[in-house]
Amino acid sequence: MSNDDIGVNPSTEPSFSALVDMALSRRTVLGGIAAAALVRQVDFSTPARAAGMAGPSLTFAEAPHSIGESHQVAPGYDASVLIRWGDKVLADAPAFDPLGQSAAAQARQFGYNNDFIGYCPLPLGSGASDHGLLVVNHEYTDSWLMFPGLTEKDGATKVTREQAQIELAAHGLSVIEIRRLNGHWRVVEDSAYARRITLDTAMAVSGPAAGHGRLKTKDDPSGRLVLGTLNNCAGGLTPWGTILTAEENFHQYFAGVPQGPEAAAHKRLGLVGKPEYSWGQYFDRFDVTREPNEPNRFGWLVEVDPYDPKAQPVKRTALGRFKHEAANVVVNANGRVSVYSGDDERFEYLYRFVSRDRVDLLNRANNRRLLDDGILYAAKFHADGRLIWLPLIFGNGPLNPGNGFHSQADVVIEARRAADLMGATPMDRPEDVETNPVTGKVYMMCTNNTNRKAEQTDAANPRANNVHGHVIEMVPPMVDGQPDHTALDYTWSVFLLAGPKGQGRYHPETSESGWMSAPDNLAFDPAGRLWISTDQGSAQATNNIPDGMYAMETEGPFRALSKFFYACPRGAEMCGPMFTPDGKTLFVAVQHPGENKGSTFDAPSTRFPDFQPGMPPRPSVVAITKKDGGVIGS
């Protein structure tokens with residue numbers, strides 16, 4: 001969205017971009033183990049691929065690197081729409097009627113702007129690749145593409161109360177059951193697992209901030225029960241079969257100029273009384289002059305159990321409050337888990353949480369409070385290639401009453417300010433962060449930062465006005481033959497610099513179709529190959545390339561040889577890449593098709609995916625398979 005990166009960090013730490021080129025040539029090879037839906041052991045004594053291979057393992061011919069009204073995929077592959085905005089989720093949902101929408105219908109239908117996709121095999125723990133649940137985030141709504149008669153500037157002023165209620169219902173998550181039969185994926189109708197989570201869904205609050213006065217409101221004097229979840233961007237899977245959904249740009253929903261004791265904290269998160277939505281006109285909870293603590297109840301990671309439709313979601317406050325992008329879990333050799341999450345805004349930070357206790361992979365109920373106790377860290381990158389994790393603990397250094405921190409609750413509520421004071425490194429919109437399941441290295445997408453000034457760079461890294469972004473590779477130390485994602489000291493290097501060939505840095509054999517801009521989300525296939533999705537925003541037209549999926553190897557002679565695999569339709573962003581365990585299906589989320597200048601419900605720039613008169617563009621989940629039934633990419 002246009003307000004993803006408004007830039008409110010007052011930190012004087014050196015810009016992350018000033019450190020990048022110093023480490024471009026440094027390469028450290030270590031191993032690791034990641035855990036998401038499946039925990040598996042990796043033999044770190046052998047390389048991921050045999051030496052002397054004649055060519056790259058990614059053998060597909062590239063998709064057209066051009067913007068069109070529909071999506072495009074590499075030759076030899078099928079890309080089929082699985083579910084669209086407005087399609088049935090619950091059994092009693094009505095058919096989608098774009099001119100007859102209602103909040104009651106939307107609360108039973110697939111929500112808007114699908115982002116994170118989590119594939120959860122059925123039955124639980126089976127590793128099945130032909131039957132499972134999809135958990136899908138619904139990040140935000142585009143009123144001018146949802147309702148007739150509106151333009152992009154009308155979202156905060158002309159949306160009616162009834163339309164606002166539809167928007168509320170279109171946020172949250174959807175859980176659907178899917179099955180692959182005869183090579184084709186289908187949604188299982190009337191599934192007992194089907195669920196919509198909206199802004200009417202009651203959620204518990206756990207961890208240090210639960211019950212704290214700064215989370216209490218008129219409707220919830222306990223500070224322990226929040227209605228709904230907002231702006232759910234990316235997420236992650238846990239090894240005990242739940243998902244973590246990340247609350248990101250929640251600031252844009254709140255009207256009213258912040259006053260009183262929370263004013264500075266709200267400003268640090270971009271809440272300045274200029275909402276993108278009309279909700280504050282109609283609902284007191286979205287007006288900070290009436291409910292000044294309500295924003296403190298968003299910006300968390302939320303744990304959801306897709307296997308139990310009656311399970312109450314839980315906001316895990318120990319993992320900190322900021323504009324979360326993703327939440328990816330790694331199991332360490334000692335059984336403790338680490339969770340990586342980026343804060344998606346210009347000059348913000350990378351975070352890591354390490355649990356106090358050990359995961360129980362035999363009894364999932366024993367992990368119910370695993371993410372409530374542990375240590376939250378922010379990352380500091382050094383020019384010599386060291387990465388230091390700074391603990392954000394009440395009483396540690398400046399995190400004391402003299403600076404307004406009176407408990408760990410204050411630290412997690414104001415995680416950004418805590419990271420400021422501890423000296424974390426401001427980065428260029430750190431988004432998705434995930435661990436390679438084969439090598440154990442950690443990869444972070446830095447989407448872009450057009451606010452970076454020349455004086456924040458150096459001669460070795462002259463990329464002021466960082467339009468295109470870059471990818472960082474981080475390596476934890478080895479302990480007893482396994483990577484230690486609890487260690488305080490890592491190493492890091494730049495994996496690639498995005499941008500057109502000649503500006504970006506990739507493998508030299510990367511084709512003209514392989515260059516990307518604005519890396520955003522990522523996924524690893526079972527072979528440990530990196531797949532990157534992009535989000536150029538309004539720069540899509542300037543760059544004249546679509547958003548989509550790129551694939552590359554991370555080790556060996558073809559490291560960072562980027563190949564273009566899938567192109568989104570006009571105006572769309574690529575989100576939610578997720579592989580089935582066998583690597584034979586890649587699910588992707590086509591978000592906000594038609595979201596480009598001048599496009600409206602009445603005259604959209606594309607009518608993807610239906611292409612029917614009167615039907616607006618509809619965000620959709622797409623299932624990609626190889627026509628010969630083989631592994632994606634190979």
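The values are calculated or read from the model by the stated rules, or taken from the named source; none is laboratory data. Computed from a prediction, not measured in an experiment: that's the story for all the values here. A quick note on method: Cβ atoms are made from the backbone with ideal geometry, for glycine too, and the neighbour counts reach across all protein chains shown. Only protein heavy atoms, including side chains, enter the accessible area calculation; ligands, DNA and RNA are left aside. Shrake-Rupley method; radii C 1.70, N 1.55, O 1.52, S 1.80 Å.
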Condition set in a strand (DSSP E or B) and touching a helix residue (DSSP H, G or I) at 6+ places or on another chain (Cβ under 7 Å), scope region 204-247, selection surrounded by the most Cβ atoms within 10 Å (Cβ to Cβ): answer is Val226
Count of residues meeting criterion [under 29 Å from Tyr119 (Cβ atoms), of a type in the set (Gly, Ala, Ser) and out of contact with any strand residue (DSSP E or B) (no Cβ under 7 Å at 6 or more places or on another chain)] in region 601-629: 1
Could you identify the single residue in Met578, Met574, Met549, Met516 that is without any contact (Cβ under 8 Å) to a residue 40 or more places away in the chain, touching a strand residue (DSSP E or B) at 6+ places or on another chain (Cβ under 7 Å) and among the hydrophobic types (A, V, I, L, M, F, W, C)? Met549
Scan region 604-622 residue by residue and report those that are among the small types (Gly, Ala, Ser) and within 19 Å of Gln163 (Cα to Cα). Gly614
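Each row is one residue, and each column tells you yes or no for (1) within 12 Å of Tyr351 (Cα to Cα); (2) charged (D, E, K, R); (3) modelled with pLDDT under 95.
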{"residue": "Ala378", "(1), (2), (3)": "yes, no, no"}
{"residue": "Trp389", "(1), (2), (3)": "yes, no, no"}
{"residue": "Ile393", "(1), (2), (3)": "no, no, no"}
{"residue": "Gly397", "(1), (2), (3)": "no, no, no"}
{"residue": "Asn400", "(1), (2), (3)": "no, no, no"}
{"residue": "Phe405", "(1), (2), (3)": "no, no, no"}
{"residue": "Gln408", "(1), (2), (3)": "no, no, no"}
{"residue": "Ala415", "(1), (2), (3)": "yes, no, no"}
{"residue": "Asp420", "(1), (2), (3)": "no, yes, no"}
Within region 253-273, can you find the residues that are in a loop (DSSP other than H, G, I, E, B) and either farther than 28 Å from Asn114 by Cα or in contact (Cβ under 8 Å) with a residue 60 or more places away in the chain (or both)? Gly256, Val257, Pro258, Gln259, Leu269, Gly270
Residue by residue through region 534-577, note down the ones that are in a loop (DSSP other than H, G, I, E, B) and open to solvent by 30 Å² or more (accessible area, probe 1.4 Å). Gly537, Ser538, Asn544, Glu555, Arg570
Looking at Ala156, Ala105, Ala169, Ala91 in this structure, which one is out of contact with any His (no Cβ under 7 Å at 6 or more places or on another chain), open to solvent by 50 Å² or more (accessible area, probe 1.4 Å) and of a type in the set (A, V, I, L, M, F, W, C)? Ala91
Residue, surrounded by the fewest Cβ atoms within 10 Å (Cβ to Cβ), within region 578-604, restricted to residues that are under 30 Å from Pro437 (Cα atoms) and polar (S, T, N, Q): Thr585
Here is a check on your reading of the model: is Pro309 under 30 Å from Leu392 (Cβ atoms) and either out of contact with any strand residue (DSSP E or B) (no Cβ under 8 Å at 6 or more places or on another chain) or not in a strand (DSSP E or B) (or both)? no
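Conditions tested, residue by residue: (1) open to solvent by 10 Å² or more (accessible area, probe 1.4 Å); (2) out of contact with any His (no Cβ under 6 Å at 6 or more places or on another chain).
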| site | (1), (2) |
| --- | --- |
| Trp300 | no, yes |
| Val330 | no, no |
| Asn334 | yes, yes |
| Phe347 | yes, yes |
| Ile375 | yes, yes |
Residues located in region 605-622, provided they are surrounded by fewer than 23 Cβ atoms within 10 Å (Cβ to Cβ) and touching a Phe, Trp or Tyr at 6+ places or on another chain (Cβ under 7 Å): none
Report, by residue number, each residue of region 276-326 that is within 21 Å of the chain's Cα centre (by Cα) and aromatic (Phe, Trp, Tyr). Phe298, Trp300, Phe322
Please verify whether region 233-256 includes one or more residues that are at negative phi and more than 23 Å from the chain's Cα centre (by Cα). yes
Across region 350-405, what is the number of residues that are at negative phi and within 24 Å of the chain's Cα centre (by Cα)? 27
Out of the residues in region 329-388 that are charged (D, E, K, R) and in a loop (DSSP other than H, G, I, E, B), which is farthest from Thr450 (Cα to Cα)? Asp360
Quick check on Phe250: is it in contact (Cβ under 8 Å) with a residue 40 or more places away in the chain, open to solvent by less than 10 Å² (accessible area, probe 1.4 Å) and closer than 12 Å to Asn293 by Cα? no
